[in-house]
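A quick write-up on the structure given underneath.
Bear in mind that the values in this text are calculations on the coordinates, not laboratory data. A quick note: this is a predicted structure, and the numbers were derived from the prediction, not measured. Neighbour counts are summed over all protein chains in view; Cβ atoms, including those assigned to glycine, are modelled from backbone coordinates with ideal geometry.
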Amino acid sequence: MNRMRLGQQQCGKRLGGTLELMESCILLTLKKQAGHGYEIARSLDKHGMCKRGLGPLYTILNKMEERGLIKSQWDTSTKHGPARRIYEITEGGVIHLEGLVAILQETLKTVSSVIDEFKSNCDEKT
């Protein structure tokens, strides 16, 4: 059994992992402004999330588009280089992002609580 799943119980809503966090960052980026894949990758990199190259990013973008969270169209007006696919968030994507942010806030509270308890426990023993 995978170590991460050992003892893991469903306890309310929470993020399932890196994919949902990456989706949150993508949706937040596109909520600010529509953009092409490279711009999205730069934004993810700023948050330390795009370390495996652009291939997985485009897979995630395609799946998000299939789910109706984002939409895209080709920008053929570029003077240099090939056409680029421009992504933008949908209304469903905005609603999904709001839900993800609420879950992130709860996750942050939980993580902070665990860290505080850990620090408190370490201080008592020193």
Residues Glu65 and Leu28, FRET efficiency given R0 of 25 Å [Cβ-Cβ distance, rounded to 0.05]: 0.90
Length-normalised contact order for the stretch 25-126 - Cα pairs under 8 Å, 6+ apart - percent: 26 percent
Chain lengthening between Leu104 and Ser120 when straightened (0.36 nm per residue, less Cα-Cα): 3.4 nm
Where labels lie 7 Å past Cα in the beta-carbon direction, separation of Ser112 and His36 in nm: 4.0 nm
Residues Cys25, Cys122 arranged by fewest to most Cβ contacts within 10 Å: Cys122, Cys25
Taking Tyr58, Tyr87, Tyr38 and counting other C-beta atoms within 10 Å, the order from fewest to most: Tyr38, Tyr58, Tyr87
